[in-house]
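Notes to accompany the following structure.
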Amino acid sequence: SALLNLRDVWVEYGDRIIIENLNLDIDAGSFVSVVGPSGAGKSTFLRLILGQEAPTHGKILLDGTPLIPECGPDRGVVFQRYSVFPHLSVLRNTIFGMECAQAPISGRLFGSARRAAEAEAIEMLTAVGLGDSLHLYPAQMSGGMQQRLAIAQALVKRPRILLLDEPFGALDPGIRADMHALITRLWRDYTLTIIMVTHDIGEAFSLGTRVLALDKRRHDPHAPHRFGATAV
Ligand code: ADP
Ligand code: ADP
């Protein structure tokens, strides 16, 4: 059965409808590419699944229960840019991924928990190809290496769902091919469910097991709403 269920989900900003009655099940282990024109609601869709934003109507279930907001252990996210902290080393950036999940209040892990987090971080950094770069800072690394670090930071807490918001959009085509191979390998090795927003239609179809096309809803704000009990 599905890992994520979206049931009658609407997102409205004022009288603009962005997501209009979306019903969608996402199976565990799938790789969903999300495409659509600018303004279609792709980032909004990711924010809903992260729990950063609640739908105006409808519900989103993870394993049959309502989502808890982001930074929980279930979901990791990588953005096109600015996912990692410039003032932290590669290793400390990755440990932060564990602290965010395990110590969301204090923000720090100590003692044996910290040593365990460090071991996990080194393992994940090795998996993304940064095992020899633990003490570098983001400014010393290429864009591709910074995205490898962002992926390690998102995956170190072993989330089931990895959300990618145009993760390779700022990279050169040659580097992008390496990143495609990496993300495919991580998806298999860690049995992830991946939801990736992309503008690259080739990437959407070559990586995705499913392609979700969002479109712009043009809704007449003066028409009666089509949800709930409509008086007729
Ligand atoms: P996409 O990622 O597909 O480009 P977005 O999800 O960023 O689209 O945005 C969808 C639409 O919703 C856009 O027209 C955007 O301007 C609008 N929008 C996004 N967030 C807000 C908000 N918090 N308040 C009002 N409008 C918003
Ligand atoms: P299908 O299951 O129909 O093959 P998808 O898995 O791609 O298609 O699901 C996309 C669904 O989302 C389609 O039914 C499409 O009409 C719908 N959809 C696209 N854009 C929006 C939107 N902005 N709000 C709500 N639903 C949308």
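The values are calculated or read from the model by the stated rules, or taken from the named source; none is laboratory data. Predicted model only: the values in this text are computed from it and were never measured. In this analysis, Cβ positions are derived from the backbone assuming ideal geometry, glycine residues included, and neighbour counts consider all displayed protein chains. Ligands, DNA and RNA are stripped out before the accessible areas are found, and what is left, the full protein with its side chains, is counted by its heavy atoms. Shrake-Rupley method; radii C 1.70, N 1.55, O 1.52, S 1.80 Å.
Please verify whether segment 32-43 includes one or more residues that are near ligand 1 (Cβ under 10 Å from one of its atoms), within 24 Å of Gly169 (Cβ to Cβ) and touching a Pro at 6+ places or on another chain (Cβ under 9 Å). Looking for residues that are near ligand 1 (Cβ under 10 Å from one of its atoms), within 24 Å of Gly169 (Cβ to Cβ) and touching a Pro at 6+ places or on another chain (Cβ under 9 Å), one finds none in segment 32-43, hence no. Taking segment 110-123 as the range and being open to solvent by 60 Å² or more (accessible area, probe 1.4 Å) and farther than 17 Å from Leu134 by Cα as the test, the residues that pass are Phe110, Ser112.
When segment 183-217 is filtered for residues that are assigned to a strand (DSSP E or B), open to solvent by less than 10 Å² (accessible area, probe 1.4 Å) and in contact with an Asp or Glu (Cβ under 9 Å, 6 or more places away or on another chain), the ones remaining, listed by number, are Thr193, Met196, Val197.
Looking for something open to solvent by 50 Å² or more (accessible area, probe 1.4 Å) and touching an Asp or Glu at 6+ places or on another chain (Cβ under 6 Å) - is there at least one such residue anywhere in segment 160-182? Yes, segment 160-182 has at least one match.
Inside segment 22-47, can you point out the residues that are out of contact with any Ser or Thr (no Cβ under 9 Å at 6 or more places or on another chain), part of a strand (DSSP E or B) and open to solvent by 70 Å² or more (accessible area, probe 1.4 Å)? Scanning segment 22-47 gives a single hit, Asn23. Give segment 48-67 a look and list any residue that's within 14 Å of ligand 2 (Cβ to nearest atom) and open to solvent by 10 Å² or more (accessible area, probe 1.4 Å), or say none. Listed by number, the residues that qualify are Pro55, Thr56, His57, Gly58, Ile60. The residues of segment 55-94 that are assigned to a strand (DSSP E or B) and on the phi < 0 side of the Ramachandran plot, listed by number, are His57, Lys59, Ile60, Leu61, Leu62, Thr65, Pro66, Arg75, Gly76, Val77, Val78, Phe79. Contact map, segment 29-48: first residue of a type in the set (Ser, Thr, Tyr), second residue near ligand 2 (Cβ under 10 Å from one of its atoms) and open to solvent by less than 10 Å² (accessible area, probe 1.4 Å), Cβ cut-off under 8 Å, separation 6 or more or different chains; pairs are Thr44/Val11; Thr44/Ile19. I'd like to check something: does segment 83-103 contain any residue that is among the aromatic types (Phe, Trp, Tyr) and touching a strand residue (DSSP E or B) at 6+ places or on another chain (Cβ under 7 Å)? The answer is no, given that none of the residues of segment 83-103 is among the aromatic types (Phe, Trp, Tyr) and touching a strand residue (DSSP E or B) at 6+ places or on another chain (Cβ under 7 Å).
Only residues that are surrounded by fewer than 16 Cβ atoms within 10 Å (Cβ to Cβ) and in contact with a Gly (Cβ under 7 Å, 6 or more places away or on another chain): list them for segment 68-109, please. Those that are surrounded by fewer than 16 Cβ atoms within 10 Å (Cβ to Cβ) and in contact with a Gly (Cβ under 7 Å, 6 or more places away or on another chain): Ile68, Pro69.
The single condition from (1) modelled with pLDDT of 95 or more; (2) in contact with a helix residue (DSSP H, G or I) (Cβ under 8 Å, 6 or more places away or on another chain) that Arg210 fails is (2).
Could you tell me whether Asp15 is over 22 Å from Asp74 (Cα atoms), surrounded by fewer than 15 Cβ atoms within 10 Å (Cβ to Cβ) and of a type in the set (Asp, Glu)? So Asp15 passes the test. The single condition among (1) under 19 Å from Phe79 (Cβ atoms); (2) in contact (Cβ under 8 Å) with a residue 60 or more places away in the chain that Asp172 does not meet is (2).
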